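Enquirer: Handing you a structure now.
Nothing in this text is a laboratory measurement; each read-out follows from the coordinates by a stated rule. Just so it is clear, the model here is predicted, and its values are computed rather than measured. Cβ coordinates were reconstructed from backbone atoms using ideal geometry, including for glycine residues, and neighbour counts include every protein chain displayed.
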Amino acid sequence: MKLFYTPNSPYARIARVTALELGLCDRIAMQKVTVRDPNSELLNYNPTGKVPTLATDDGFILSDTRIICVYLNQFNPEIKLVADISDGFLQQLEGIVSGFIDGIAVWVRELRRSPSEQSPGIIELERSRALRILDYFEKISDQLDQTPKLAHITLASALGFGN
């Protein structure tokens with residue numbers, strides 16, 4: 001398998017940490033790419049040019065972070081990183097933290113634009129959303145266990161984004 005990533009992508013970081021937590025790094029070739037290069041090798045695999053992208057050994061191209069993590073989890077089923085249908089609380093966490101990382105990504109991209117092109121409304125919306133979600137996690141922190149899960153990995157990746 002080959003996992004295409006960029007060092008700055010929090011979504012690619014989720015896939016890379018998932019591979020690490022599952023003990024799969026020896027089975028996956030990590031391929032650092034650029035995403036804004038029309039000659040990027042990534043485009044030979046994934047026409048969207050997005051990371052993470054996983055080229056599987058059986059010739060499939062997976063390009064959504066959660067789909068990649070679900071796929072990787074099958075190679076080490078003893079560790080349950082991804083919430084299954086029977087765990088409503090963990091599915092809830094994955095959904096909320098997914099919204100958190102998406103909002104953080106929009107916020108960071110907006111802040112990276114030149115000041116004259118930034119939208120104060122978008123910046124405030126995403127800041128408010130992030131603070132609300134962080135308050136939510138603070139309120140439920142006693143319900144979280146210490147076993148790494150996709151929700152934890154996603155939250156950590158979101159908190160490290162933009163640094």
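Enquirer: At a 10 angstrom cut-off on C-beta neighbours, averaged per residue, how do the peptides 144-151, 18-25 rank from highest to lowest?
Expert: Order by mean packing, descending: 18-25, 144-151.
Enquirer: If you don't mind, another one. What's the center-to-center distance, using Cα atoms, between the stretch 1-32 and the stretch 97-163 in Å?
Expert: A separation of 21 Å, based on Cα centres.
Enquirer: Could you name the aspartates and glutamates in cross-link range of Lys50, using Cα to Cα under 15 Å and dropping any fewer than eight places away on the same chain?
Expert: Asp37, Glu41, Asp64, Asp102
Enquirer: State to the nearest 20 debye the size of the charge dipole of the stretch 2-73 about its Cα centre, where the only charges are +1 on K and R beta carbons and -1 on D and E beta carbons.
Expert: Around 240 debye, computed over the stretch 2-73.
Enquirer: Which whole DSSP H helices in the chain pass both tests: a Cα extent of 18 Å or more along the axis and a mean Kyte-Doolittle value no lower than 0.5?
Expert: Long hydrophobic helices here: 88-112.
Enquirer: To the nearest 500 deg cm²/dmol, what mean residue ellipticity at 222 nm is calculated for the chain from DSSP H runs of n ≥ 4 alone, each contributing -39,500 (n - 2.57), summed and divided by the residues?
Expert: -15500 deg cm²/dmol
Enquirer: Antiparallel versus total DSSP beta bridges in the chain: what percent is that, nearest 5?
Expert: Here the share of antiparallel DSSP bridges comes out near 55 percent.
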